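Chemist: A single structure is presented below for examination.
The values are calculated or read from the model by the stated rules, or taken from the named source; none is laboratory data. Since the model is a prediction, treat every value here as computed from it, not as a measurement. Cβ atoms come from the backbone with ideal geometry, glycine included; neighbour counts cover every protein chain shown.
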């Protein structure tokens with residue numbers, strides 16, 4: 001127990017000449033006067049100052065070098081037929097990990113994928129290999145896209161879609177828009 005919790009209990013007891021009681025009271029008063037932090041019997045994992053300093057150093061080291069990290073290579077999907085490609089792109093636009101990107105990409109896929117050629121779908125597939133927040137910021141024009149995406153038709157369509165000039169209320173589309181063919 002901490003000294004602050006112990007002190008009212010000690011003071012509420014009748015004063016007796018018990019040596020342990022006087023010792024406890026003097027220890028509590030001494031601790032309160034020193035203004036030293038009391039040890040917590042139920043410490044949180046990083047409450048130890050030595051561990052906390054190590055944790056802060058490791059995260060700062062990671063964030064400084066994050067630009068140098070290599071992106072994982074996407075799976076090779078050569079030989080995928082058009083129907084499978086279209087279905088996979090619909091799914092991948094919905095399950096990105098960030099709601100903002102999911103909403104923009106899934107409504108874009110709902111509106112544009114039926115009219116896309118195989119070449120456009122392959123280019124869209126390559127765009128989906130980029131990190132979520134990058135796609136989001138490029139589509140809302142808060143960051144400059146890299147040269148490989150800057151003047152592409154697919155990003156231009158995505159930017160136009162993200163502007164939502166018609167002020168349409170957008171919601172996540174249904175995953176299955178029609179019954180599967182058996």
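Chemist: With the checklist (1) in contact (Cβ under 8 Å) with a residue 24 or more places away in the chain; (2) surrounded by 14 or more Cβ atoms within 10 Å (Cβ to Cβ) in hand, flag the one item residue 145 doesn't pass.
Modeler: (1)
Chemist: Out of all the residues in region 156-167, which are surrounded by 10 or more Cβ atoms within 10 Å (Cβ to Cβ) and outside any helix (DSSP H, G or I)?
Modeler: Scanning region 156-167 gives a single hit, 164.
Chemist: Are there any pairs, at least 6 apart or on different chains, whose C-beta atoms fall under 9 Å, with the first in region 81-102 and at positive phi and the second modelled with pLDDT under 90, and if so, which?
Modeler: From region 81-102, the pairs are 97/132.
Chemist: Mind listing whichever residues of region 101-124 are under 20 Å from residue 76 (Cβ atoms) and in contact with a helix residue (DSSP H, G or I) (Cβ under 6 Å, 6 or more places away or on another chain)?
Modeler: Passing the criteria: 118, 121, 123, 124.
Chemist: Could we say that residue 170 is modelled with pLDDT under 90, surrounded by fewer than 17 Cβ atoms within 10 Å (Cβ to Cβ) and in contact with a helix residue (DSSP H, G or I) (Cβ under 8 Å, 6 or more places away or on another chain) here? Before the answer, list the steps.
Modeler: Working: modelled with pLDDT under 90: yes; surrounded by fewer than 17 Cβ atoms within 10 Å (Cβ to Cβ): yes; in contact with a helix residue (DSSP H, G or I) (Cβ under 8 Å, 6 or more places away or on another chain): yes.
Judged against the criteria, residue 170 is a match.
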